[in-house]
Number of protein chains: 2
Amino acid sequence: MEQNLRIPGPTPLPPSALQASARQMIDHRGPEFAQMQQEIIAGLKPLFRTENDIILLTASGTGGLEAAIVNLFSPGEQVLAISIGSFGERFAKIARAYQLDVVPVSFPWGETADPSVVDQALKEHPQVKGVLVTHNETSTGLTNNLAALSKVIAKYEVLFLVDSISAVGAIEMRVDDWGIDVMITGSQKAWMAPPGVAMVTVSPQAWTASRQSKLPRFYFDFAQYEEWMAKGQTPWTPAVSVYFALQNGIKLIKDEGLENVLARQQRVADYTRQEVRRLGLQLFGNPGIGFYSNTVTAISIPESLDGEAIRKSLRQQYNIVLGGGLGKLKGRIVRIGHMGWVQESHITPVFTALQKVLAHTEA
Amino acid sequence: MEQNLRIPGPTPLPPSALQASARQMIDHRGPEFAQMQQEIIAGLKPLFRTENDIILLTASGTGGLEAAIVNLFSPGEQVLAISIGSFGERFAKIARAYQLDVVPVSFPWGETADPSVVDQALKEHPQVKGVLVTHNETSTGLTNNLAALSKVIAKYEVLFLVDSISAVGAIEMRVDDWGIDVMITGSQKAWMAPPGVAMVTVSPQAWTASRQSKLPRFYFDFAQYEEWMAKGQTPWTPAVSVYFALQNGIKLIKDEGLENVLARQQRVADYTRQEVRRLGLQLFGNPGIGFYSNTVTAISIPESLDGEAIRKSLRQQYNIVLGGGLGKLKGRIVRIGHMGWVQESHITPVFTALQKVLAHTEA
């Protein structure tokens, strides 16, 4: 029985992505690589809805978050870190690791960011130079209302940094309309590629900030990328096989059409949520002004049950792999990933199995 | 005509590595990944000849160099940076980017490091806390005599950091015998895997230093790896498909036997050098107490010719891709990579073609 990998990334890869991953190596300083990199970047721009530059890093998404921090700020500068869960906290932790003065604006796990609270915080902290926000909080299955947040943030002279690692490509993203200075995503999410490449947009304001920034950096230094990408290269050897798959994933999205992809992601997510309710279970959290996530669904586990035991049964008896709760949510939720190469038919067996596991557990 | 990729990494992948790269994704926080990671690390230890811990980073080799620097030192601390070429200079640049006080010990490109000069420099700089050295200088095709250097370095209370990115697995390496505290390599070199994973050894002394180090870090933080690798995981999503190929590459080396691999690398390199001479060409540089590299051969281009034009002809007419000269050696040398999955039969067509190109150019 083939594994049904339903974690929020790495996501299952379509056959064409596996095939692309198996292509023979090429010279990363030759014309074929240059053309591929150019094609990837040109392909991403309309999907991100941006005219900004795009940098490709050989790293996990977290490396992309770190790149954003170390290139834009100097020690002691103040940033507002909006958090609605584990990945929001991670973004703030990175800023603290690099000696930024972090003003936390934390909402309880299970809620989304309230723009009026953010507005108030920015009013009270006129020294803030940047705002960090998680687009889709993978740990809670909730998506911030980035359009609404962007309107508030636009009122202030701040850099706007968005972790959209598990959103863009599956959930609406408008980098330019929303005034996002740096937006980060990862190859293993909506892009139907293996992990290993982080994609980062850089606005003109972000470029300016990067030239003033005094944080130490080398591997993630935007200036190095600027120099080498102009030649169709990367400063350090890139994850060539992941590039192959990423190029393929972008082509798949382009062929299907971004609007169709977003509609499919919405439809599969709606179906997933409907199945949760059909089993008499509850979705975790309350989206408020935001949304239940279209890429990952978090299910509250009734108090009498243990989410980790349920995951173990699903894995061992049905070869279905779900995500567990992170940190304080361990055992209290399970998470179903549904981004990238996904249809309702991938989700149905999860609930068929879950229903049996629950019936057995409750018996 | 299939491309004959003869750059010093990425290296051509054997069929089994391509097949491994095309495996479906797995849960990077599940038992299958934990087992694979354990197998990779257990497999690497005898190949590195070490009992030290090994950390796997999702990054290029340069990310591994940066990890070594940011985890072991604090701003203002002094390091001795031995350089015999472009990659030695890069290691020093990383140290400078992180505000270390770098004492450069630079030998002309085309030479190897003289242990007595290093000894003298260490005597004159008693504050030095660490020594940085490139094992195999990919830019010049020369290999330092690490055994001889290690004897000198052992006389001092310093941390010994070795960039063995393009050596270990193909050129003799004895991490423990040579007292190396941090040794770095990359998946795309001798390991017959795509780029994307850096492997880093950490000695007990390096662990101690990492707990005292005050340089800011997050993505490359050894402490995060220590915590997560104990659980069979990585702190951030790893480059799963590269792990698959790396696991395969280690198995190939184990099956062939390390001694046989090293002997084959020696044989293929000897053959390459013999072919250089047969064509009436000169090897670049003079190994002195070191060696001509067994993983990359640099050929001096006669003054009347242009190495870049020769590379272009080889690429366009024969689909053979060589490395060019880096920095000041651009046009003056060409470089033939021969590490990992390589036999004499991969090298022969290079010289057949080179001979024709040279005859045509000189005509």
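Scanning the range A:291-304 for residues that are surrounded by 18 or more Cβ atoms within 10 Å (Cβ to Cβ) and outside any strand (DSSP E or B) yields A:293, A:294, A:295, A:301.
Got at least one residue in the range A:143-163 being surrounded by 24 or more Cβ atoms within 10 Å (Cβ to Cβ), more than 28 Å from residue A:120 (Cα to Cα) and out of contact with any Cys (no Cβ under 8 Å at 6 or more places or on another chain)? Checking the range A:143-163: not a single residue is surrounded by 24 or more Cβ atoms within 10 Å (Cβ to Cβ), more than 28 Å from residue A:120 (Cα to Cα) and out of contact with any Cys (no Cβ under 8 Å at 6 or more places or on another chain).
If you filter the range A:198-222 down to residues that are part of a helix (DSSP H, G or I) and in contact (Cβ under 8 Å) with a residue 60 or more places away in the chain, you find that the one that is farthest from residue A:55 (Cα to Cα) is A:212. Determine whether the range B:78-88 contains at least one residue that is within 12 Å of chain A (Cβ to nearest Cβ), in contact (Cβ under 8 Å) with a residue 40 or more places away in the chain, crowded, with 21+ Cβ neighbours inside 10 Å and in a strand (DSSP E or B). No, because not a single residue in the range B:78-88 is within 12 Å of chain A (Cβ to nearest Cβ), in contact (Cβ under 8 Å) with a residue 40 or more places away in the chain, crowded, with 21+ Cβ neighbours inside 10 Å and in a strand (DSSP E or B). Candidates A:320, A:336, A:347, A:310: the one that is under 20 Å from residue B:26 (Cα atoms), touching a His at 6+ places or on another chain (Cβ under 7 Å) and not assigned by TED's automatic domain parsing to the domain that holds residue A:115 is A:347. Looking only at residues in the range A:337-363 that are more than 24 Å from the chain's Cα centre (by Cα) and of a type in the set (A, V, I, L, M, F, W, C), the one that is surrounded by the most Cβ atoms within 10 Å (Cβ to Cβ) is A:354. Annotation note: Cβ proximity below 6 Å between a residue of the range A:223-236 that is free of Cβ contacts under 8 Å to residues at least 40 places away in the same chain and away from chain B (no Cβ under 11 Å) and a residue that is surrounded by fewer than 20 Cβ atoms within 10 Å (Cβ to Cβ) and hydrophobic (A, V, I, L, M, F, W, C) (sequence gap 6+ or interchain) occurs for no pair. Within the range A:37-52, if we keep just the residues that are surrounded by fewer than 18 Cβ atoms within 10 Å (Cβ to Cβ) and in contact with a Leu (Cβ under 8 Å, 6 or more places away or on another chain), the residue that is nearest to residue A:259 (Cα to Cα) turns out to be A:46.
Taking the criterion of being part of a loop (DSSP other than H, G, I, E, B) and not hydroxyl-bearing (Ser, Thr, Tyr), the residues of the range B:25-58 that qualify are B:25, B:26, B:27, B:28, B:29, B:30, B:49, B:51, B:52.
Please go through the range B:95-121 and give me each residue that is within 14 Å of chain A (Cβ to nearest Cβ) and crowded, with 24+ Cβ neighbours inside 10 Å, ordered by number. Scanning the range B:95-121 gives B:95, B:100.
Can you find even one residue in the range A:306-318 that is in contact (Cβ under 8 Å) with a residue 24 or more places away in the chain, in contact with a helix residue (DSSP H, G or I) (Cβ under 8 Å, 6 or more places away or on another chain), among the hydrophobic types (A, V, I, L, M, F, W, C) and within 24 Å of residue A:193 (Cβ to Cβ)? Within the range A:306-318, not a single residue is in contact (Cβ under 8 Å) with a residue 24 or more places away in the chain, in contact with a helix residue (DSSP H, G or I) (Cβ under 8 Å, 6 or more places away or on another chain), among the hydrophobic types (A, V, I, L, M, F, W, C) and within 24 Å of residue A:193 (Cβ to Cβ). Taking (1) under 19 Å from the mean Cα position of the chain (by Cα); (2) surrounded by fewer than 24 Cβ atoms within 10 Å (Cβ to Cβ) in turn, residue A:256 satisfies each apart from (1).
Being more than 30 Å from residue B:312 (Cα to Cα) and either among the aromatic types (Phe, Trp, Tyr) or free of Cβ contacts under 8 Å to residues at least 60 places away in the same chain (or both) holds for only one residue in A:46, A:15, and it is A:15. Looking at the range A:179-195, which of its residues are within 12 Å of chain B (Cβ to nearest Cβ) and of a type in the set (A, V, I, L, M, F, W, C)? Selection gives A:192, A:193. Within the range A:196-209, the set of residues being buried (at least 24 other Cβ atoms within 10 Å of the Cβ) and either hydrophobic (A, V, I, L, M, F, W, C) or more than 14 Å from every other protein chain (Cβ to nearest Cβ) (or both) comprises A:197, A:198, A:199, A:200, A:201, A:202, A:206.
The lone criterion from (1) within 20 Å of the chain's Cα centre (by Cα); (2) within 30 Å of residue B:337 (Cα to Cα) left unmet by residue B:130 is number (2). For the range B:319-333, filtered to residues that are within 13 Å of another protein chain (Cβ to nearest Cβ) and not small (Gly, Ala, Ser), the residue that is farthest from residue B:283 (Cα to Cα) is B:319. Tell me yes or no: at least one residue of the range A:54-74 is away from chain B (no Cβ under 13 Å), surrounded by fewer than 21 Cβ atoms within 10 Å (Cβ to Cβ) and more than 18 Å from residue A:191 (Cβ to Cβ). No, every residue in the range A:54-74 fails to be away from chain B (no Cβ under 13 Å), surrounded by fewer than 21 Cβ atoms within 10 Å (Cβ to Cβ) and more than 18 Å from residue A:191 (Cβ to Cβ). For residues in the range A:305-318 being away from every other protein chain (no Cβ under 11 Å) and in contact with a strand residue (DSSP E or B) (Cβ under 9 Å, 6 or more places away or on another chain), which is surrounded by the fewest Cβ atoms within 10 Å (Cβ to Cβ)? Here the answer is A:308. Against the definition (within 14 Å of chain A (Cβ to nearest Cβ) and at pLDDT 95 or above), how does residue B:92 come out, yes or no? Yes; evaluated as a whole, the condition is true for this residue.
To keep it simple, each residue is scored yes or no on (1) farther than 20 Å from residue A:33 by Cα; (2) surrounded by fewer than 19 Cβ atoms within 10 Å (Cβ to Cβ).
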{"residue": "A:222", "(1), (2)": "no, no"}
{"residue": "A:232", "(1), (2)": "no, yes"}
{"residue": "A:237", "(1), (2)": "no, no"}
{"residue": "A:275", "(1), (2)": "yes, no"}
{"residue": "A:282", "(1), (2)": "yes, yes"}
{"residue": "A:286", "(1), (2)": "yes, yes"}
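Between A:240, A:276, the distinction of being aliphatic (A, V, I, L, M) and within 14 Å of chain B (Cβ to nearest Cβ) belongs to A:240 only.
Restricted to strands (runs of 3 or more DSSP E) entirely inside the range A:100-169, those with at least 2 residues that are free of Cβ contacts under 8 Å to residues at least 40 places away in the same chain and not assigned by TED's automatic domain parsing to the domain that holds residue A:342 are A:101-106, A:159-163.
Looking across the range A:4-53, the residues that are among the polar types (S, T, N, Q) and either more than 7 Å from chain B (Cβ to nearest Cβ) or under 20 Å from the mean Cα position of the chain (by Cα) (or both) come down to A:4, A:11, A:16, A:35, A:37, A:38, A:50, A:52.
The values are calculated or read from the model by the stated rules, or taken from the named source; none is laboratory data. Remember, it's a predicted structure, so these values are computed and weren't measured experimentally. Heads up, the Cβs are rebuilt from the backbone with ideal geometry, glycines too, and the neighbour counts pull from every protein chain shown.
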